[in-house]
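Heads up: the structure comes next, in structure tokens.
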Amino acid sequence: MRIANTVSDSIVDGPGLRFTVFTQGCPHRCPGCHNPGTHDPAGGREVSVAELAAELSGNPLTDGLTLSGGEPFCQAAECAALLGAAINRALQPRLSIAQLCWLVG
């Protein structure tokens with residue numbers, strides 16, 4: 001899975017304490033994007049879903065997982081597997097995607 005970054009203790013990416021994964025790669029190029037550094041699909045770094053799941057499990061205070069971007073749907077299979085790991089831990093999953101910027105931009 002190609003990611004830009006993770007935040008292990010976010011309080012701004014959903015309810016409670018979140019483990020947030022910023023996926024790398026986004027074809028939308030929305031005007032005013034908050035994460036333009038995530039657009040290049042060749043950027044960021046490669047990490048396995050298992051590594052991210054282990055990191056997610058590292059903090060017993062974590063309430064949920066947020067997948068942000070980039071565009072998580074560009075890596076749908078990997079994101080689904082990571083969401084499954086969160087659900088298996090009874091964490092609240094949340095998916096943050098581009099807000100149809102081409103319709104409002």
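Bear in mind these aren't lab numbers, they're just calculated from the coordinates by the rules spelled out. What you see is a predicted model; the values in this text were computed from it and never measured. All Cβ positions, even for glycine, are placed from backbone atoms using ideal geometry, and neighbour counts span all protein chains on display.
Miscellaneous remarks
- Residue-averaged 222 nm ellipticity for the chain, from DSSP H runs of 4+ at -39500 (n - 2.57), nearest 500: -7000 deg cm²/dmol
- Taking other C-beta atoms within 10 angstrom as a stand-in for reagent exposure, 40, 9 fall in the order 9, 40, fewest first.
- A simple packing score, the average count of other Cβ atoms within 10 Å per residue, orders the peptides 18-24, 30-36 as 18-24, 30-36, with the highest score first.
- Dipole magnitude for the chain: computed about the Cα centre from +1 point charges on Lys and Arg Cβ and -1 point charges on Asp and Glu Cβ, it is near 160 debye.
- Answer label, with Rg and Dmax of the Cα atoms in Å calculated from the coordinates and candidates [x] 19.9, 66; [y] 13.2, 40; [z] 16.1, 55: [y]
- Protection proxy ranking of 76-82, 57-63 - average other beta-carbon atoms within 10 Å, highest first: 76-82, 57-63
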